[in-house]
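Here, each number is a calculation from the coordinates, and none is a lab measurement. Predicted, not measured: the structure shown is a model, and the values here were computed from it. Note that we place each Cβ from the backbone using ideal geometry, even for glycine, and neighbour counts take in every protein chain shown.
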Amino acid sequence: MRHVVVMVTTSYPRFPGDSVGTFMEPIARSVAARGHDVHVVAPWHPLVTRPPEEHGVRFHFYRYAPFQSLNVFGYAAAMRADVHLRAAAYMAAPLALAAGWRAARHVARRHHATMMHGHWVIPGGITAAMAAPRLPLVISLHGSDVYVAERLAPARSAARHAFARAGFVTSCSDDLARRAIALGAAAERIETVPYGVDSVRFGPGVAVRAARRKELGIADNVPLCFAAGRLVHKKGFEYLVDAIGRTPGVVLALAGEGTLDHALRAQAQAQGVAGRVLFLGNQPQDAVGEYFAAADMICAPSVRDDSGNVDGLPNVVLEAMASGTPLITTAAGGIGSVVEHERTGLIVAERDSAALANALQRILSDPVMAAEIGRAARAEVQRRFGWERVAVRFEAAYARALAFKSLPS
């Protein structure tokens, strides 16, 4: 059945190659590629350069903030260090929620929507539920939404209401699904749907390797570890910087921005490895793919931080696997369900700098094993995690939501 889908979200790549909300773009495009009309409703941002329609996806960006200082809703701007909501976010939330509700309702009515798809139960799920209460609803969980609902009573109440309305719920990891059920999601109407990955954008490349290493000033025989993500505690980068201090000769290139930027630089300086830790800032997705190809290993040292926040399934994990460069990671969140230790990656304990350093040494000392891990990981991604396969799973979720809506009350 062909649907007119209204996707309500607070994050979407604002321009081609943007590092914010990267998974939302292929979700929308892959659903549109299956023949559905897709309308994305998202908050406006000063960096948005999207045309009205692109690759079968139509965009509806709504304004909500009367002052620039309140323009903090969505796009990973509402939380401080991914632990606490910013004060401005509390002030902006009522304005943004009201504007989002009006925009989603208008789009659903004007384009005769047949399906609402809320991303992040808070606020996308509750906004989609309230904007079109008579339409079937799917909610997709991505991580920080469940964390906020666990910590704040008003968000928890809103999440329970949205879950009760939802015909089906998807989560990017089993961990998120279990936590959502604890918050009120129906166990029989939830399923884990991991993200997909573009194995063309993220893949091995000899020429790219040479070019990126030259740009960084790193000789081909110098061991290079690459990591990417927002510089916040749940990414675990402080343990990686410490591991670099324990692994002589290895250079770490770290792409990303965040509230821990200064702390990580100070840590590298204090440990005497400032010359071997390169801070690259935010990088577009194409560049990240090229850095993956240039590296000897990729690290995603995710942790459950002190406040209990953890990624559902970091994009960088699947992208690293697709690159064919061996991955070192932890089992935090949903990572353990997609990475198999010593076959498609090396899994170490969370917050264990010594274990990270040992894994770095294993990759460097056993190039045959490293190559085998890289090849197996890429093959696994190509077999299991294509975006078309993800779109088929979302279609099934739409069918389940439609069937639930049709049940007599």
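Averaging Cα coordinates gives a centre for the range 319-334 and one for the range 367-406; these two points are 15 Å apart.
Between 0 and 90 degrees, the angle of helix 206-216 with respect to the longest Cα principal axis of the chain falls at about 80 degrees.
Please give me the summed charge of the neighbours of ALA391: other residues whose Cβ is under 12 Å from its Cβ, Lys and Arg +1, Asp and Glu -1. That works out to +2. Anisotropy class assigned to the range 349-409 is oblate, per the alpha carbon gyration tensor with a/c at or over the 1.5 cut-off and a/b no larger than b/c. Among residues other than GLU350 with Cβ under 11 Å from its Cβ, the summed charge is +1 (Lys and Arg +1, Asp and Glu -1).
What is the projected area of the convex hull of the Cα atoms of the chain, averaged over all directions, in nm²? That works out to 18.8 nm², a quarter of the Cα hull's surface. Note: relative contact order over the chain, using C-alpha pairs below 8 Å and six or more positions apart, is 16 percent.
Contact order, relative form, for the range 310-409: 28 percent (alpha carbon pairs under 8 Å, 6 or more residues apart, mean separation divided by residue count). Using Cβ counts within 10 Å as a stand-in for footprinting exposure, how do MET369, MET115, MET321 rank, fewest first? By the 10 Å Cβ count, ascending, the order reads MET369, MET115, MET321. For the range 310-320, backbone phi angles converted through the Karplus equation (6.51, -1.76, 1.60; θ = phi - 60°) give residue-by-residue couplings of 8, 5, x, 8, x, 3, 4, 5, 5, 5, 5 Hz, Gly and Pro being listed as x. Neighbour counts of C-beta atoms inside 10 Å place MET1, MET130 in the sequence MET1, MET130, starting with the fewest. DSSP beta bridges in the range 206-384, what fraction antiparallel, as a percent rounded to 5? So the antiparallel bridges amount to about 0 percent of the total.
Let me have the relative contact order for the range 206-384, percent, based on Cα pairs under 8 Å that are six or more residues apart. Walk me through the intermediate numbers first.
Numbers: 337 pairs, mean separation 40.5, N = 179.
Relative contact order comes out at 23 percent.
With both residues required to sit in the chain, DSSP beta bridges show an antiparallel share near 10%. Against the main long axis of the alpha-carbon atoms of the chain, helix 387-406 sits at an angle near 30°.
With an a/c value of 1.5 or above and a/b not larger than b/c for the gyration tensor axes a ≥ b ≥ c computed over the alpha-carbon atoms, the range 90-194 is described as oblate. How about the range 142-193: which trypsin sites (Lys or Arg not before Pro) there are in a DSSP loop, with at most 10 other Cβ atoms within 10 Å of their Cβ? Within the range 142-193, no trypsin sites (Lys or Arg not before Pro) qualify (loop, at most 10 other Cβ atoms within 10 Å). Using Cβ point charges alone (K and R +1, D and E -1), the dipole size of the chain about the Cα centre works out to roughly 1340 debye.
Assign one of three labels to the range 206-384, namely rounded, prolate or oblate, based on the Cα gyration tensor with a ≥ b ≥ c the square roots of its eigenvalues; rounded applies when a/c is under 1.5, prolate when it is not and a/b is larger than b/c, and oblate otherwise. In terms of gyration-tensor shape, rounded. Give the distance, in whole Å, between the Cα centre of the range 223-294 and the Cα centre of the range 95-142. Value for the Cα centre distance between the two parts: 38 Å.
In the neighborhood of PRO133, defined by Cβ-to-Cβ distances under 12 Å, what is the net charge if each Lys or Arg adds +1 and each Asp or Glu adds -1?
+4
In terms of other Cβ atoms within 10 Å, SER157, SER406, SER302 run from fewest to most in the order SER406, SER157, SER302.
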